[in-house]
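The values are calculated or read from the model by the stated rules, or taken from the named source; none is laboratory data. Worth saying up front: this structure is predicted, and the values here are computed from it rather than measured. Here the Cβ positions follow ideal geometry from the backbone for every residue, glycine too, while neighbour counts run over all protein chains shown.
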Amino acid sequence: MNQVKLPFGNDSLVVRIPDKNLSRIILPSEPEVTDNAVSLILKALEDPVNSRKLSDIVTSDSSVAVIVSDTTRPVPTAQMLPLLIDQLHQGGVADGNITIVFALGLHRNQHEGEMERIVGQDIYGRIRCIEHDRSRCRRIGKTRRGTPVEIFEDVLDADVIVCTGNIEFHYYAGYSGGAKAILPGVSSKDSIIANHRMMMEAKASSGMTDSPVREDIEEAAQYVGVDFLLNVVLNSKKEIVFATAGHVIDAHRRGVAFVDGMYKIEVEPADVVIVSPGGYPKDINLFQAHKALDNAKNAVKKGGSIILVAQCREGFGNAVYERWNNESDTPEDAIARFNHSFEFGGHKAALIAQLSKTYDLYLVSELSDTDAKKSFFIPVKTVQEALDDILDSNPDAKVHVMPYGGLTLAL
């Protein structure tokens, strides 16, 4: 009998799997951490990709907007900012000329404690920190695919724009990080929805740099004129194992290559996959936790079972998604609605509905049974309950486990 731990919020859950059933624990090929985070970030800043150093880009008169991720992302911003701001100081920029902008996209506003935790107490106390405001965006162009480029005016009005973030798989933009800090990060609702409409195209999937969604994002960033990028790659312990800086696209691609080497894993499909997004904040709500479900789908046979282990302390995480779940009686309802009426947030209901037609979806979470069922899941109180139920009907079922499904992509 094997006891396997699965991250769940800030804690973990344990499932016992018989030897004959456990096929594989799918873990990333993570490098040994030999350099500390400071060293990795400094190396990236001192040797940027296809770019001058940030300290050489700014002058003492420059106003600088530094875009950072919100609380739904595991970015170690508080470790990154002091070194990045030191580069600005070396270039002559005073604290009063720096604005930190939290990229919300279409996410909720944050409370003050969350913002202070993200950037660190010292920086929050001495540098202007503001949230992206979708009502204050200015149009500067339109992409070839028709997406209006409408960007938060406090970003556009800065002399120098710096994007930060982390790089991992993203279920329709291919990868996170890079120019996603601009679109959707600090864009208008109309811009974001127009860009996200492309998510149903064939190449809009995890691990694709030529996803139409990402190509559209990066075209929008060219209109904006991003001056510098600092991105990191994290391991399953949320430690920085790689950093890249410089040109917003070229530096991002260097990080992408590193992510692929760690997290793209070829897997023979099993009867069952037990997947955790990797704990908080990746399982902060069902809207975010779905990404692990999508990353795991290639690891299970058609007609098999996926057990999603996600705390969802903030429930659904998106009002439109919740409304679509409440208003869709069957998976077919959600799918049909999406096909004739795109609404951001509703897409999540349609995507999970589509998966539920191919796999039995179990959910271990803090959601009520009613909410889980509305989301096209089979609610269970424990991972063990779900697995035992499956093994009762198929005693020889082969089981894969993905403890870090938010990071790992099964191929």
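Could you tell me which of the residues GLY317, GLY303 is at positive phi, assigned to a loop (DSSP other than H, G, I, E, B), of a type outside the set (A, V, I, L, M) and not assigned by TED's automatic domain parsing to the domain that holds ARG108? So that I can check it myself, show each step before the final result.
On the way: GLY303 fails: assigned to a loop (DSSP other than H, G, I, E, B).
The unique qualifying residue is GLY317.
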Just need a number here: residues in the range 98-137 that are small (Gly, Ala, Ser) and without any contact (Cβ under 8 Å) to a residue 60 or more places away in the chain.
4
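Quickly run through the range 42-65 and pick out the residues that are among the small types (Gly, Ala, Ser) and touching a strand residue (DSSP E or B) at 6+ places or on another chain (Cβ under 8 Å). Working first, answer last.
We begin by selecting, within the range 42-65, every residue among the small types (Gly, Ala, Ser); these are 44, 51, 55, 60, 62-63, 65.
The answer is ALA44, SER51, SER62, SER63, ALA65.
From the list GLU366, GLU322, exactly one residue is under 25 Å from the mean Cα position of the chain (by Cα), closer than 30 Å to ASP70 by Cβ and assigned to a loop (DSSP other than H, G, I, E, B). Which is it? Don't jump to the end; show me each part of the working.
On the way: GLU322 fails: assigned to a loop (DSSP other than H, G, I, E, B).
Going through GLU366, GLU322 in turn, the sole match is GLU366.
Out of THR143, THR147, THR209, report the one residue that is hydroxyl-bearing (Ser, Thr, Tyr) and either at positive phi or surrounded by fewer than 19 Cβ atoms within 10 Å (Cβ to Cβ) (or both).
Working: THR143 fails: either at positive phi or surrounded by fewer than 19 Cβ atoms within 10 Å (Cβ to Cβ) (or both); THR147 fails: either at positive phi or surrounded by fewer than 19 Cβ atoms within 10 Å (Cβ to Cβ) (or both).
Just one listed residue meets the conditions, THR209.
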The lone condition SER365 fails out of (1) surrounded by fewer than 17 Cβ atoms within 10 Å (Cβ to Cβ); (2) among the hydroxyl-bearing types (Ser, Thr, Tyr); (3) under 22 Å from LEU6 (Cβ atoms) is (1)
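Given the residues VAL364, VAL259, VAL300, VAL275, which is the only one that is under 28 Å from ARG24 (Cα atoms) and in contact with a Lys or Arg (Cβ under 9 Å, 6 or more places away or on another chain)? Steps first, answer last, please.
Values: VAL259 fails: in contact with a Lys or Arg (Cβ under 9 Å, 6 or more places away or on another chain); VAL300 fails: in contact with a Lys or Arg (Cβ under 9 Å, 6 or more places away or on another chain); VAL275 fails: in contact with a Lys or Arg (Cβ under 9 Å, 6 or more places away or on another chain).
Going through VAL364, VAL259, VAL300, VAL275 in turn, just one is under 28 Å from ARG24 (Cα atoms) and in contact with a Lys or Arg (Cβ under 9 Å, 6 or more places away or on another chain): VAL364.
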Of the residues that sit in the range 28-80 and are without any contact (Cβ under 8 Å) to a residue 60 or more places away in the chain and among the hydroxyl-bearing types (Ser, Thr, Tyr), which one is farthest from GLY255 (Cα to Cα)?
SER60
Residues of the range 238-255 classified as part of a helix (DSSP H, G or I) and surrounded by 24 or more Cβ atoms within 10 Å (Cβ to Cβ), total:
3
Name every residue in the range 212-237 that is surrounded by fewer than 20 Cβ atoms within 10 Å (Cβ to Cβ), out of contact with any Asp or Glu (no Cβ under 9 Å at 6 or more places or on another chain) and either among the polar types (S, T, N, Q) or outside the structural domain of PHE169 (by TED's automatic domain parsing) (or both), in order of residue number.
GLN222
